[in-house]
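Only one structure is covered here, and it is reproduced in the block below.
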Number of protein chains: 4
Amino acid sequence: MSKRKGQKFDKIIDAAVLVIAKHGFHQAQVSKIAKEAGVADGTIYLYFKNKEDILISLFQEKMGSFVETSNLKIKQEKTIEDKLNVLISSHFAQLERDYHLAVVTQLELRQSKVELRQRINQVLKGYLLLIDEIVQEGKKSGTFHVDLDPLLARQMIFGTLDEVVSNWVMSEGKFSLTNQTNTVQEMLLHGLTGKKERG
Amino acid sequence: MSKRKGQKFDKIIDAAVLVIAKHGFHQAQVSKIAKEAGVADGTIYLYFKNKEDILISLFQEKMGSFVETSNLKIKQEKTIEDKLNVLISSHFAQLERDYHLAVVTQLELRQSKVELRQRINQVLKGYLLLIDEIVQEGKKSGTFHVDLDPLLARQMIFGTLDEVVSNWVMSEGKFSLTNQTNTVQEMLLHGLTGKKERG
Amino acid sequence: MSKRKGQKFDKIIDAAVLVIAKHGFHQAQVSKIAKEAGVADGTIYLYFKNKEDILISLFQEKMGSFVETSNLKIKQEKTIEDKLNVLISSHFAQLERDYHLAVVTQLELRQSKVELRQRINQVLKGYLLLIDEIVQEGKKSGTFHVDLDPLLARQMIFGTLDEVVSNWVMSEGKFSLTNQTNTVQEMLLHGLTGKKERG
Amino acid sequence: MSKRKGQKFDKIIDAAVLVIAKHGFHQAQVSKIAKEAGVADGTIYLYFKNKEDILISLFQEKMGSFVETSNLKIKQEKTIEDKLNVLISSHFAQLERDYHLAVVTQLELRQSKVELRQRINQVLKGYLLLIDEIVQEGKKSGTFHVDLDPLLARQMIFGTLDEVVSNWVMSEGKFSLTNQTNTVQEMLLHGLTGKKERG
DNA sequence: GATGAATGAGTATTCATTCAT
DNA sequence: GATGAATGAATACTCATTCAT
């Protein structure tokens, strides 16, 4: 699809993140991205098939490692509680690290048209499967409730994390995301009524 | 803002929902909405300031009663558990009742540009306050954990409900939403580990 | 295809002829045509599907009557000699009358891409059939040679007329076209060796 | 203008004919020609000033010998009738020999813009002069009519040959071109009425 | 001589909004 | 109030040509 050779590929991706975060998705013209990347408009098309390809590549490039990073960290933990904790902290940490990118993925890219969103969702699928694994393992080990609905569980976990991050982005990153890790973990494990054993 | 007098106002709103659900947000031109509503293009501008105003009005009109309906039902319950249950069932029921509308609010309207989304979020605020009240009351009554972070709690509740509904819409409404009420309530109350006292 | 109602349709067609003749086919942008026609760019698209539709309509509109006019005049003549004479004089007269149009049809429109040229050729077919009829009738009546190859005959007649007109256009209309009628008729009837009975 | 040294010059010309015949004039990009010729894009510009220069050179290169070949053959004939016959047969034969080239010169190159066509016409001038000579000689010798208009005569001859060849190309070469020589000669000599003394 | 990555000018078309009737 | 013809701003992509290597 898009040729990854050369530094220009990365330059353009980074420029796209910056331009979209700065001017918004609908004001992110190809010419603006090219200017920000310090290349000619036509150069964009030596590395990307079309504008949509920039956005998809951006998501794959920047979010592709997301799953892998989380996956590796989770594998290193033994208990389900720790795996969940690491899932949350990794999710928060990776997005907190790059506020511009978080703006793009949490807000701006959701404005794209359906076809593009579907391509983006495919990248997300890998992450959802990662959550599914934790849920399954948690049930098997007895840590999670035996009757837990796996799909609903995943939706609660992802829905919560996504909503927290979105609120963080909309608050313009004014509070620490990673600091919330333990609290969110407790809430997911024991719900609204849950006893906070640590505190 | 928009003059609510006359039946044409409603006709246009309904036409907008239909056109967006049928053709998607990006193919919902003013002229198409006008045709579906059986009025001239120019007539739209006698009832709405601009296209954005149609969409905001749509959201206010269709979602305005949402909060009130949920609010009334919640007030009728005594225990926090029941209030939460009614919040969930009301949320699910109202969206399940009108699939077209659910498509528009869960998927299509999220493709709009930031300014519009912010206007839409203002309408949502009333709903978030409703959740906040339940959380606050739950803490006061001792049903919810005393150290519960109210903001995070609200984010978990809304994030979960929103994610569940979005998944339902994307599955094209192929499973029952309201049937999930009790399970979701249990999960929110006791988390992934929680004992399911009812079942 | 294109809505013919209103004076704007004709205005745009005439503007297209003028702009193409003045600036050449490759410099005839839609915006230039719109400006010449005194309408907004977008107005063009209320009357024509796209730019190509303007050019095809132009050809149909301006050349459509060409065949009919020639046809009617030919029908009024009795002898084959007179029918041929009228074919030639009508061909020359109609193109000489509007030099701009002749430039467009003889030179500029031949630069268009294949698909467009094929659409244009379909309009020409009617004219070729008219020539075919004269050839056929001339053979039947004994005026033309009994062994005359009808296809070659048509190619000689049309090829000659087209080449004469093209030379006239390229000479920038500096000599009279209609004045050549009789000479061309003689040449077609009796060839390079032929005795000029009239003169 | 264009440096003729080296085999690459010819390679590029031949590639251009092939690419234009295969993909059509408007899809014959420089990069495509370069690829077909097995050279880099930039190399083209070591041998040709610009794209237009390729096309003009192509025409000169491939059509340059056309005139000379015809000229030599004509000089070998004594009577005007035979000279005309050879002109026609040579014209037909040379184009029939290379269908690809005929497509390019009869159809595709006529889609080029006016400036290019004028350059191409200059190459044609040599051929038209050859025809002019025959006409002049025919009149002097008494074979052609004494009052024959030389310019019109040339236009009839060239117009007829060109139209016949164009029809042959458009029919995708499905009939023999050279077989038509005698018939066309008869028609040019004696016109539509002419007695076919040979047949 | 040869390369090919980089350049950047140029243009058809859509659609929200207006305003004369 | 209602109409709908007219407006015109705004933007992705191609490809001939260059020039550093």
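Odds and ends about this structure:
- Flag for C:Val103 being of a type in the set (Val, Ile, Thr), away from DNA strand E (no atom under 14 Å from the Cβ), assigned to a helix (DSSP H, G or I) and out of contact with any Ser or Thr (no Cβ under 9 Å at 6 or more places or on another chain): yes
- Members of segment B:57-73 that are polar (S, T, N, Q) and over 11 Å from the mean Cα position of the chain (by Cα): B:Ser57, B:Thr69, B:Asn71
- Considering residues of segment C:136-152 that are outside any loop (DSSP other than H, G, I, E, B) and under 20 Å from D:Ser166 (Cα atoms) only, the residue nearest to the other protein chains (Cβ to nearest Cβ): C:Leu152
- Meets criteria (out of contact with any strand residue (DSSP E or B) (no Cβ under 8 Å at 6 or more places or on another chain), within 16 Å of DNA strand E (Cβ to nearest atom), modelled with pLDDT of 95 or more and on the phi < 0 side of the Ramachandran plot) for A:Asp82: no
- Selected residue (criterion: nearest to C:Gln118 (Cα to Cα)) from residues of segment C:18-55 that are crowded, with 21+ Cβ neighbours inside 10 Å and of a type in the set (Val, Ile, Thr): C:Ile54
- Put simply, of A:Gln76, A:Gln106, A:Gln122, A:Gln155 the only residue that is surrounded by fewer than 15 Cβ atoms within 10 Å (Cβ to Cβ) and either within 21 Å of B:Ser166 (Cα to Cα) or β-branched (Val, Ile, Thr) (or both) is A:Gln122.
Residues checked against (1) under 21 Å from the mean Cα position of the chain (by Cα); (2) under 16 Å from A:Phe92 (Cβ atoms); (3) free of Cβ contacts under 8 Å to residues at least 12 places away in the same chain:
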position: A:Gln118; (1), (2), (3): yes, no, yes
position: A:Asn121; (1), (2), (3): yes, no, yes
position: A:Leu152; (1), (2), (3): yes, no, yes
position: A:Met156; (1), (2), (3): yes, no, no
position: A:Thr160; (1), (2), (3): yes, yes, no
position: A:Thr178; (1), (2), (3): yes, yes, no
position: A:Gln185; (1), (2), (3): yes, yes, no
position: A:Leu192; (1), (2), (3): no, no, yes
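- Only one of the numbered conditions (1) within 14 Å of another protein chain (Cβ to nearest Cβ); (2) touching an Asp or Glu at 6+ places or on another chain (Cβ under 9 Å) is not met by D:Phe92, and that is (2).
- When C:Ala93 is tested against (1) at pLDDT below 95; (2) within 15 Å of the chain's Cα centre (by Cα), only condition (1) is not met.
So that you can scan it fast, the table gives a plain yes or no per residue for (1) crowded, with 20+ Cβ neighbours inside 10 Å; (2) at pLDDT 95 or above; (3) among the hydrophobic types (A, V, I, L, M, F, W, C):
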{"residue": "D:His100", "(1), (2), (3)": "no, no, no"}
{"residue": "D:Gln111", "(1), (2), (3)": "yes, no, no"}
{"residue": "D:Leu128", "(1), (2), (3)": "no, yes, yes"}
{"residue": "D:Val135", "(1), (2), (3)": "yes, yes, yes"}
{"residue": "D:Lys140", "(1), (2), (3)": "no, yes, no"}
{"residue": "D:Pro150", "(1), (2), (3)": "no, yes, no"}
{"residue": "D:Met170", "(1), (2), (3)": "no, no, yes"}
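- Helices (runs of 4 or more DSSP H) within segment A:1-77 that include 2 or more residues within 14 Å of chain B (Cβ to nearest Cβ) and more than 16 Å from DNA strand E (Cβ to nearest atom): A:7-23, A:51-75
- Matching residues, segment C:107-135, being away from every other protein chain (no Cβ under 12 Å) and farther than 19 Å from C:Gln60 by Cα: C:Asp132, C:Glu133
- Residue check for C:Lys125: in contact with a Pro (Cβ under 8 Å, 6 or more places away or on another chain) and part of a helix (DSSP H, G or I): no
- Evaluated against (1) of a type in the set (A, V, I, L, M, F, W, C); (2) within 11 Å of DNA strand F (Cβ to nearest atom); (3) without any contact (Cβ under 8 Å) to a residue 24 or more places away in the chain, B:Ile33 falls short on exactly one condition, (2).
- Residue in segment B:182-190 that is in contact with a helix residue (DSSP H, G or I) (Cβ under 8 Å, 6 or more places away or on another chain), within 11 Å of another protein chain (Cβ to nearest Cβ) and acidic (Asp, Glu) present: no
The values are calculated or read from the model by the stated rules, or taken from the named source; none is laboratory data. This one's a predicted model, so the numbers in the text were calculated from it and none came from an experiment. Because the Cβ atoms are built from the backbone with ideal geometry, glycine has one as well, and the counts that use them run over all protein chains shown.
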